[in-house]
Amino acid sequence: MNLFALMDVAGPRLIRFPLSADLSGDISTVFTEQHDAFFRGIDTVVPFDGRYTPEEGELLEIPDFADVDGLLAAVANPLSVDQYDPSLHSLDLVRAIFTGLDVGGSTRVLIQIFERRRLIERSGMMLFFANNQFQKMTQSGLSLDTKLLAVLEGATLKFHSFHFAKRVFDLSDYFREATNEEVTTFAGHEKLAVADVAAFLDSAGPQIRKKISLIRQSAVLENYSTDQIVAVAASMQFPLTLSDDGRIVVPDNNTELRKLLRFLDEDYYESPLSNTRFISNSKRKAE
């Protein structure tokens with residue numbers, strides 16, 4: 001088995017770690033066990049859209065993931081990847097560790113996130129126990145994680161946590177914050193009344209921008225009339241203010257603004273059994 005690293009550098013970002021035969025076998029066992037644990041108990045795979053946090057027994061997937069760094073190609077042709085050289089490569093810059101596994105004739109890339117706490121540095125006095133005595137460590141090293149971050153098979157990336165997956169991969173094309181242009185366009189929507197567009201843009205932080213991106217994605221403002229939106233708000237006892245010309249007033253207070261964006265993103269719902277109103281921070285369409 002070959003072991004690779006995805007580096008946080010410009011240009012070619014992959015390196016291959018040279019392994020002894022014994023270590024290669026041990027790593028193969030570890031990754032195979034982690035692969036089995038990754039999929040164990042999974043009965044539902046949910047297409048990722050940024051709205052849903054998976055529960056136990058569920059995975060998220062991006063079916064059209066762009067493998068821009070060539071992880072699959074590295075696994076298929078390991079000798080094409082530069083071998084680790086401590087004089088050229090810094091373990092400080094490792095972002096992820098990965099290897100390949102054949103499953104039913106299909107190659108899967110098994111990926112671990114690499115955190116700096118797993119770096120074993122030779123600075124100071126580092127000791128390890130071998131041959132019944134402690135010895136001084138003279139070279140840097142690293143330790144592997146206890147679980148997989150993600151599995152890439154073909155063009156499909158599967159993962160449990162978007163929070164950790166985005167630390168390794170650029171997932172902005174699949175779930176991103178609204179750009180300045182998109183925030184400005186949203187603020188100028190014919191159904192919305194924003195008192196000061198420039199101030200609205202300046203105060204739009206990451207959470208506001210994510211909500212705006214999701215609202216634009218759902219096209220709720222295009223698909224429903226103002227009267228329909230107002231009627232739903234009234235049924236939910238959600239306060240909406242209309243301007244003199246019949247547009248929905250967007251609050252300049254961030255707390256109230258977040259409430260409005262949650263409403264437009266359909267985060268508010270009412271239980272059909274108890275008629276209790278809830279706020280959801282994770283949702284997907286029911287089948």
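The values are calculated or read from the model by the stated rules, or taken from the named source; none is laboratory data. Keep in mind that what you see is a predicted model, and the values were worked out from it rather than measured. So basically every Cβ, Gly included, is an ideal-geometry build from the backbone, and we count neighbours across all protein chains shown.
Does Thr29 satisfy the condition of being under 15 Å from Gln112 (Cβ atoms) and not hydrophobic (A, V, I, L, M, F, W, C)?
Yes: the conditions hold for Thr29.
Applying the selection to the range 91-103, what residues are modelled with pLDDT under 90 and either in a loop (DSSP other than H, G, I, E, B) or exposed (fewer than 13 other Cβ atoms within 10 Å of the Cβ) (or both)?
Scanning the range 91-103 gives a single hit, Asp92.
Does the range 145-164 contain any residue that is part of a strand (DSSP E or B) and modelled with pLDDT under 85?
The answer is no, given that none of the residues of the range 145-164 is part of a strand (DSSP E or B) and modelled with pLDDT under 85.
Take the residues of the range 35-79 that are touching a residue at least 40 places away in the same chain (Cβ under 8 Å) and acidic (Asp, Glu): which is nearest to Glu266 (Cα to Cα)?
Ranking the qualifying residues of the range 35-79, first place goes to Asp49.
In the list Leu88, Leu119, which residue meets the criterion of being out of contact with any His (no Cβ under 8 Å at 6 or more places or on another chain), surrounded by fewer than 12 Cβ atoms within 10 Å (Cβ to Cβ) and modelled with pLDDT under 95?
Matching residue, one of Leu88, Leu119: Leu88.
Restricting attention to the range 33-90, report how many residues are part of a helix (DSSP H, G or I), within 21 Å of the chain's Cα centre (by Cα) and farther than 13 Å from Val109 by Cβ.
Qualifying residue count for the region: 2.
Considering each residue of the range 209-242, count those that are closer than 19 Å to Thr185 by Cα and either polar (S, T, N, Q) or over 33 Å from the mean Cα position of the chain (by Cα) (or both), and give that number.
Counting residues in the range 209-242 that are closer than 19 Å to Thr185 by Cα and either polar (S, T, N, Q) or over 33 Å from the mean Cα position of the chain (by Cα) (or both) gives 6.
Please return the ranges of helices (runs of 4 or more DSSP H) entirely within the range 215-287 where 1 or more residues are modelled with pLDDT under 90, closer than 20 Å to Thr53 by Cβ and outside the structural domain of Tyr52 (by TED's automatic domain parsing).
Here the list reads 254-264.
For the range 63-80, enumerate the residues that are in contact with a Phe, Trp or Tyr (Cβ under 9 Å, 6 or more places away or on another chain) and modelled with pLDDT of 95 or more.
Selection gives Leu71, Ala74, Val75, Pro78.
Residue by residue through the range 196-212, note down the ones that are assigned to a helix (DSSP H, G or I), free of Cβ contacts under 8 Å to residues at least 40 places away in the same chain and in contact with a helix residue (DSSP H, G or I) (Cβ under 7 Å, 6 or more places away or on another chain).
Across the range 196-212, the qualifying residues are Val197, Leu201, Arg209.
Can you pull out the residues in the range 80-90 that are touching a residue at least 60 places away in the same chain (Cβ under 8 Å) and not charged (D, E, K, R)?
Hits for the range 80-90 are Val81, Gln83, Tyr84, His89.
Return the only residue of Leu142, Leu171, Leu127 being farther than 30 Å from His35 by Cβ and either of a type in the set (Gly, Ala, Ser) or modelled with pLDDT under 95 (or both).
Leu127
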